[in-house]
Amino acid sequence: MKKDCIFCRINSGEIPSATIFENDEFRVMLDRFPATNGHILIIPKEHVEDIYELDPLVAARMFEFATRFASILKKTFGNEGLNILQNNGKVAGQTVFHYHLHLIPRYENDSVRIGWEANSQMTSEELEEFVDKIKSNM
Ligand code: 5GP
Ligand code: ZN
């Protein structure tokens with residue numbers, strides 16, 4: 001529990017939340033400032049700041065819930081699509097520094113914009129170089 005962390009304060013019950021499901025490890029709740037109808041967050045109960053602090057096995061169990069809630073949201077809201085989003089670091093858009101997964105139902109003509117322009121086209125040599133570089137850290 002981190003005292004100044006909003007999600008820890010939600011987990012401790014100090015701040016109310018619209019919780020849909022919880023167990024010992026996770027909470028699934030509505031985002032208070034949703035991008036679209038049905039935007040939910042899955043958060044671990046333990047304070048971890050970002051993916052670099054998250055146990056991969058906890059992440060695996062969390063994604064099981066992401067999969068289940070994707071279907072539940074679709075059944076509930078009839079959304080045509082869904083984005084799963086997870087931001088790490090300020091530069092990547094993280095604003096709450098307690099790890100969380102976003103499930104954002106998508107609708108025709110909604111106002112969500114997620115995307116990027118390709119910033120280059122890799123040559124085969126460059127691709128190979130990056131593969132080797134990454135492999136050297138595995
Ligand atoms: P991030 O930008 O860190 O990926 O996402 C943080 C999310 O937390 C945002 O979508 C924001 O709307 C949501 N959020 C911020 N404060 C609260 C809160 O007090 N309660 C809930 N349920 N969501 C919050
Ligand atoms: Zn926290």
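The values are calculated or read from the model by the stated rules, or taken from the named source; none is laboratory data. Predicted, not measured: the structure shown is a model, and the values here were computed from it. Note that we place each Cβ from the backbone using ideal geometry, even for glycine, and neighbour counts take in every protein chain shown. With ligands, DNA and RNA removed, areas are computed over all heavy atoms of the protein, side chains included. Shrake-Rupley method; radii C 1.70, N 1.55, O 1.52, S 1.80 Å.
Here are some residues: 96, 28, 58, 91. Which one is aliphatic (A, V, I, L, M), away from ligand 1 (no atom under 13 Å from the Cβ) and either closer than 24 Å to residue 114 by Cβ or part of a helix (DSSP H, G or I) (or both)?
Numbers: 96 fails: away from ligand 1 (no atom under 13 Å from the Cβ); 28 fails: away from ligand 1 (no atom under 13 Å from the Cβ); 91 fails: away from ligand 1 (no atom under 13 Å from the Cβ).
Sole residue among the options that is aliphatic (A, V, I, L, M), away from ligand 1 (no atom under 13 Å from the Cβ) and either closer than 24 Å to residue 114 by Cβ or part of a helix (DSSP H, G or I) (or both): 58.
Of everything in segment 15-42, what is of a type in the set (Val, Ile, Thr) and touching a residue at least 12 places away in the same chain (Cβ under 8 Å)? Give them in sequence order.
At the first step, the residues of segment 15-42 found to be of a type in the set (Val, Ile, Thr) are 15, 19-20, 28, 36, 40, 42.
Passing the criteria: 20, 28, 36, 40, 42.
Anything in segment 64-111 that is more than 19 Å from residue 28 (Cα to Cα) and open to solvent by less than 30 Å² (accessible area, probe 1.4 Å)? List them, or say none.
Of everything in segment 64-111, those that are more than 19 Å from residue 28 (Cα to Cα) and open to solvent by less than 30 Å² (accessible area, probe 1.4 Å) turn out to be 81, 89, 110.
Given the condition acidic (Asp, Glu), crowded, with 16+ Cβ neighbours inside 10 Å, within 14 Å of ligand 2 (Cβ to nearest atom) and on the phi < 0 side of the Ramachandran plot, answer yes or no: does some residue in segment 40-48 qualify?
Residues of segment 40-48 acidic (Asp, Glu): 46.
Filter again for crowded, with 16+ Cβ neighbours inside 10 Å, leaving 46.
Those left that are additionally within 14 Å of ligand 2 (Cβ to nearest atom): 46.
From what is left, the residues that are on the phi < 0 side of the Ramachandran plot are 46.
Yes, the conditions are met somewhere in segment 40-48.
Is it true that residue 20 is under 30 Å from residue 2 (Cα atoms) and either open to solvent by 50 Å² or more (accessible area, probe 1.4 Å) or assigned to a loop (DSSP other than H, G, I, E, B) (or both)? Spell out how you get there, then give the answer.
Details: under 30 Å from residue 2 (Cα atoms): yes; either open to solvent by 50 Å² or more (accessible area, probe 1.4 Å) or assigned to a loop (DSSP other than H, G, I, E, B) (or both): yes.
Answer is yes for this residue.
For segment 31-53, how many residues meet the condition of being among the charged types (D, E, K, R) and within 11 Å of ligand 1 (Cβ to nearest atom)?
4
Filter segment 61-88 for residues that are in contact with a strand residue (DSSP E or B) (Cβ under 7 Å, 6 or more places away or on another chain), in a loop (DSSP other than H, G, I, E, B) and among the polar types (S, T, N, Q) and give the result.
79, 86
Which residues, counting only those in segment 112-131, are open to solvent by less than 70 Å² (accessible area, probe 1.4 Å) and in contact (Cβ under 8 Å) with a residue 24 or more places away in the chain?
Result: 112, single match.
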